Every structure is written in C-alpha cells, then in structure tokens.
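Below: the structure, in structure tokens.
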Amino acid sequence: MQPVILKVTNRIIERSRATRQGYLARMYALRDQDPHRGTLSCGNLAHGFAACQPGDKDALKLMNRANVAIVSAYNDMLSAHQPYHRFPDIIREAAHGMGSVAQFAGGTPAMCDGVTQGQPGMELSLFSRDTIAMSTAVALSHNMFDAITLLGICDKIVPGLLIGALSFGHLPTILIPAGPMPSGLPNKEKQRVRQLYAEGKIGRDELLEAESASYHSPGTCTFYGTANSNQMLVEFMGLHLPGAAFIHPDTPLRDALTRSATEQVIRLSRPQGGKLGLADMVDEKAIVNALVALLVTGGSTNHTIHWIAIARAAGILIDWNDYAELSSAVPSLTRIYPNGQEDINAFHEAGGTPFLIQELLNAGYLHEDVQTVMGPGLDQYTRMPALGGEGLEWQAASRDSLRPDVLSSVARPFAPDGGLKVLEGNLGRGVIKVSAVAPEHHCVEAPAVVFDDQNELKAAFEAGDLDRDCVVVVRFQGPKANGMPELHKLTPYLGVLQDRGFRVGLVTDGRMSGASGKVPAAIHVYPEALEGGPLARVQNGDVIRIDADGSQLSVQLDDATLASRVCAKKDLAGQHQGYGRELFGWMRRDAGNPEQGASVFWGHEG
C-alpha cells in the first residue's frame, strides 16, 4: 500500500473508533433479531403481504425465504431515472427464480439539478439528500425485508439512499444503476455554444437546439458530474456488480445485470445463510477507496460534502484534510469532461472502472481487503460484464487502456496529484478543484466584485462591468442562507471573461456543481456569510488571493480592519417562501457546515 493511503486510513480509523463502534453495536443488535418479519404479529404480517399473489404470501409466511425491498427514485422526468420504470418487474422475476419475493417498498423524491440550475427549486436540492435518506428509512421501516435493492443514480439521490439504508445496515444492500445515455453533441461544441449565448451572439433557439442535442434520451447525462461520480465511487466501494456503472439503459446486458444484482443480494441475505450487511461493507477502507476514486478521476466537488455525510451515517468521521492529503498522493488518470473533452462513454470504452481499479490495486492506491457485494476482495472488480452463450459472464480487464487520451495508467498519469485542494485563510475555509484549471490560473489575485445574489452577475457582465481582472464573490449562498444552491449558471460568464484574457476567479459559500471547470473557484467556504463569516465583511475593490498551490484564500486586509467592518446583511425572506421553500426552514436552521456534510442529522456535532 502507498504510505499516504495507509496513513490517512489509520487516522480515520482512530478518529472514528467510538462512533464506529457505537454504530456497529446498533447494527449487530438489529441483526440478532433477523428475520424481522418473524417478530411481526399476525395482523402486522397480514397487512404486509395483503396485496401479494398467493405464491408470494406462502413464501413470506416462511422465514427461510428472502423478501427483497425495492427502494426506487424513479420518475419519468429525470432522463437518468426514467429507465427504472422497468426494473421492479425484472427484480420480482429474478427473485421468484430464486424462490424469494421482492416488494416495492417505497419511492423517494428525485430532482434534477440540470432542470433547476439558477431556478428557485435549486434551493431545495441539497436538502433533498436528507429528505431522500428519511424517505428511504420510511420505506424500510416495516421490518418486512431481508435484503435491499436501491435504484438511484443522480446527484443527491445516491448519497440519500445510502444514508437511509445505512440505518438498516444489518441488511445486505446493492445499488443497481441504469446507465448513461449515448453520446450526443460533443462537449467542446456545447461549451462553445453556451459561451456564445452568454455573450449575446446567438439566441435562445440556437442554445436550446444545442442543449437538446446534448441531453437527448433516457440515461444519465454523459459528462463527469455528480451523477457519474456517484456511480464511480459506489463501484469502487463494491456496492455495484463489477463494471455495471456505465452500461447503457434498456439493453439486454443492462437487464442481465439487474437480474444478477437481485440474485446476488438474495444470496447475501440471512435466509440464504448470509452473515454480512451494508454496515460491514461500508467501513473505513471502503470510504478511503471511494475518496481515491473521486480524486484519481477529478470527480464532483459535491462529494467533499456528500461522502462526509455518508461516512458519518456509518459512524466514520472524515474531513477535508483527509481529501487533501489523499489528493496530494493520488495521480490523475482520467480526462473526462469537464476535465477533458470526452465523456463517460469514452471512459467506459477505454477500459472503464475494471481497468482503473486494476491499475490502482496493482500500484497500492486501493485497499483490496474489503467486503463487497460479490464477496471478499476488491480484485473481483477488475472484471467487465458481457453477454455470452450462457448469459452474463465476466471478462478480465484490459491490460492496457484502449483510449490513453481518456484513461491512462499509473506509469503515465495526466497529473501527479488529484487536483483537489483545501483553501484556508482570513476568508475562511473552502475547497477548490484544479483538475480542469490550467496551471497559470491556479493563483489569482485581483480586486473583489461582490454580489449577494447570483442573478446580479449576469447584469454586471452584460453591462461590461466585469471586463477586468476580478475575483467575483457570490455570498449568502450557504446551507443556512438558502440551501447552498449550485451556481453552475455562472460558469459561461466567468469562462468568457477568462477567454478574453482577464485574470478571474470565484469565491462563494455556495456550490459550483460537478461540472465546475476551467475557472478557479473557491467553493463551500465557511463560516458562511449569513453566520457572520468573513465573506460578509468583504467590499468591492478589496484584493483577494486564491492560491490553489499554496492552499490560501485571503483578502489583503489586516485582522483589525477586517474585524472592525460591519457584516453585510441580506433580506432572504424572498428565498424562504414559494416553490416549497417555506417547508424547509427547519433544515436551513439545523444544517451543519459543509465539512460536516451540511446535514441536518449531524449539524450540531463537533
């Protein structure tokens, strides 16, 4: 093992000792009651299978048959989740083939950040994760189940499903992906059209045509944002079938993987003699493997929040220093948009997760000795699924990348580190991802232009007020202020300014999404402005320094001057009402800071 990987892992184990032991004790106590269906009264059980077919009722009366919970984030508006409408029938059929039963336990909400970018609904996005966790717990609360299938892909959805399922960590659990859509309009062309629109050189019709050619069919969006980062990290944790993440939806191979995943989770169940649950698989080593996957691929910055919350749900305590130290030691091995021009389909065709896991295992960057849904050992994930004459079969990963421009080797990395940095200084603490930022832009020092609302930036851009070197500050965007929306809407404007030759950067207590790209952006900054953080004291013209290589985020003011300034105030009432936002006031009040996972569950700890 690489020394830094071991060092960070051991530090996490020691830091988490008490919370992890407490979590496992709760899970083992629940396991001792298995099967929970056997503890139900006759009335309870009758309610639980009243709508079942006679054969399923007979099976559920027996305690040696598994009942598989289906928890799904299906809806037919999200392209990534629309394919899930077929999955429950496939899962039920596979369960019947194993002499078991599958019941649709519950659905969870699933919103699309692509639809809500720059809209009021985006202010519900972060909190939808904890809402999904709670709805997953409600779905599983009936104690009817011996195993869990989780159907989800996108941004807050996979983290929410995992957080909820970890409360039932005594049960074996498998995540079943649906796969990406085929490649559409090339990403470089999409980016060009967006910037032309931002400059007013083309109209809405041309922009909509380009966007529709990019996002054009069922399946996950093909750029490497939060949704595809979810799939990458989950596979590295051994919670998918090997190589399952990026197989296209509605294909025979995808259906075969769904059937096989159902059969495998049944084999892991207590009625089939299984002894391990999700709690045993999501341990400190699995979490470190997920972080390595994030860093080696330049994945979504959202996971500097979400994976902290997932780990905490399993009693594991991680922080941004862990990310930064791992990032310093982990090479960059992929070039997937926005960190390159090719998409997730090109990555999969180049060798995908099996090749990447093989490379990292051989070089000592991953823990092999973990429990997975396939059994002990991550080496099982160096295989790619395929359909053969007898159905699903597994083929060894390619020894060499089939697209070295998209997926490289440890011997020939694209960069020596993972490109994620923690920034700290008199403006607070935040993160920056530089895997898509040119080295000459890693450090920006320029006068501040301060906005209290993201919509103000467009008007300033169109008026020409930003045609200069500047660090744009967008504040009052933290979890307690307005739910910490993604500010991806700002990307084309900032990109145009940089292309015009200006030195430009962004500092915000909001998020910048998994699609953050070539402009240096200090994000997730806390203490947030609403709580009197230093960003609330910044004024137009103050010189701000973003230094990714030096891990610095500062304003060129002495401590006394900065402290003497009155904090800016913003009337947020308009962002707390309408579009359902009034229902989430308690979440805004109780949310922890980003380095705590911005969660309402652990917002008052530590």
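The values are calculated or read from the model by the stated rules, or taken from the named source; none is laboratory data. Quick caveat: nothing in here was measured; it's all calculated off a predicted structure. When we count neighbours, we look across all protein chains shown, and the Cβ atoms used for this are built from the backbone with ideal geometry, even at glycine.
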Notebook entry, point to check: Out of region 44-79, which residues are more than 18 Å from ILE90 (Cα to Cα), crowded, with 19+ Cβ neighbours inside 10 Å and among the aliphatic types (A, V, I, L, M)?
Noted result: ALA59, LEU60, LEU78
Note to self: Pull out all pairs, ordered by first then second residue, where Cβ-Cβ is under 8 Å, the residues are six or more apart or on different chains, the first lies in region 247-261 and is among the β-branched types (Val, Ile, Thr), and the second is assigned to a helix (DSSP H, G or I) and surrounded by fewer than 19 Cβ atoms within 10 Å (Cβ to Cβ).
What the structure shows: ILE247/LEU253
Notebook entry, point to check: Restricting attention to region 155-166, does a residue exist that is more than 28 Å from GLN575 (Cβ to Cβ) and either among the β-branched types (Val, Ile, Thr) or not assigned by TED's automatic domain parsing to the domain that holds GLY277 (or both)?
Noted result: no
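Scan region 558-606 for residues that are touching a strand residue (DSSP E or B) at 6+ places or on another chain (Cβ under 9 Å) and part of a helix (DSSP H, G or I) and jot them down. It would help to see each step written out before you state the result.
At the first step, the residues of region 558-606 found to be touching a strand residue (DSSP E or B) at 6+ places or on another chain (Cβ under 9 Å) are 562, 568, 593-595, 598.
Those that are touching a strand residue (DSSP E or B) at 6+ places or on another chain (Cβ under 9 Å) and part of a helix (DSSP H, G or I): LEU562, PRO594, GLU595.
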Checklist line | The lone exception for MET587 - which of (1) in contact with a Lys or Arg (Cβ under 6 Å, 6 or more places away or on another chain); (2) buried (at least 19 other Cβ atoms within 10 Å of the Cβ) it fails | finding: (1)
Checklist line | region 462-478, residues that are closer than 19 Å to LEU553 by Cβ and either touching a residue at least 60 places away in the same chain (Cβ under 8 Å) or in contact with a Phe, Trp or Tyr (Cβ under 8 Å, 6 or more places away or on another chain) (or both) | finding: ASP469, CYS470, VAL471, VAL472, VAL473, VAL474, ARG475, PHE476, GLY478
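Would you confirm, using the coordinates I've provided, whether ARG259 is farther than 22 Å from ARG11 by Cα and surrounded by fewer than 23 Cβ atoms within 10 Å (Cβ to Cβ)?
Yes, satisfied.
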Next item on the list: Hey, can you tell me all the residues within region 18-43 that are farther than 28 Å from ARG312 by Cβ, touching a residue at least 24 places away in the same chain (Cβ under 8 Å) and surrounded by fewer than 19 Cβ atoms within 10 Å (Cβ to Cβ)?
Entry: GLY38, THR39, LEU40
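So that you can scan it fast, the table gives a plain yes or no per residue for (1) at positive phi; (2) assigned to a helix (DSSP H, G or I); (3) of a type in the set (Gly, Ala, Ser); (4) in the same structural domain as THR297 (by TED's automatic domain parsing):
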position: ASN339; (1), (2), (3), (4): no, no, no, yes
position: ALA346; (1), (2), (3), (4): no, yes, yes, yes
position: THR353; (1), (2), (3), (4): no, yes, no, yes
position: GLU359; (1), (2), (3), (4): no, yes, no, yes
position: LEU366; (1), (2), (3), (4): no, no, no, yes
position: PRO385; (1), (2), (3), (4): no, no, no, yes
position: PRO404; (1), (2), (3), (4): no, no, no, no
position: SER409; (1), (2), (3), (4): no, no, yes, no
Item checked: Count - residues of region 257-307 that are assigned to a loop (DSSP other than H, G, I, E, B), under 20 Å from HIS36 (Cα atoms) and of a type outside the set (D, E, K, R) -> 6
Notebook entry, point to check: Within region 501-514, is even one residue over 24 Å from the mean Cα position of the chain (by Cα), farther than 26 Å from GLY299 by Cβ and part of a helix (DSSP H, G or I)?
Noted result: no
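Counting only residues that are aliphatic (A, V, I, L, M) and assigned to a helix (DSSP H, G or I), which one in region 308-337 is surrounded by the fewest Cβ atoms within 10 Å (Cβ to Cβ)? Quick ask: steps written out before the conclusion?
Residues of region 308-337 aliphatic (A, V, I, L, M): 308-311, 313-314, 316-318, 324, 326, 329-330, 333, 336.
Remaining after also requiring assigned to a helix (DSSP H, G or I): 308-311, 313, 324, 326, 329.
Numbers: ILE308: 27, ALA309: 24, ILE310: 28, ALA311: 30, ALA313: 24, ALA324: 20, LEU326: 26, ALA329: 18.
Applying the filter and picking the extreme gives ALA329.
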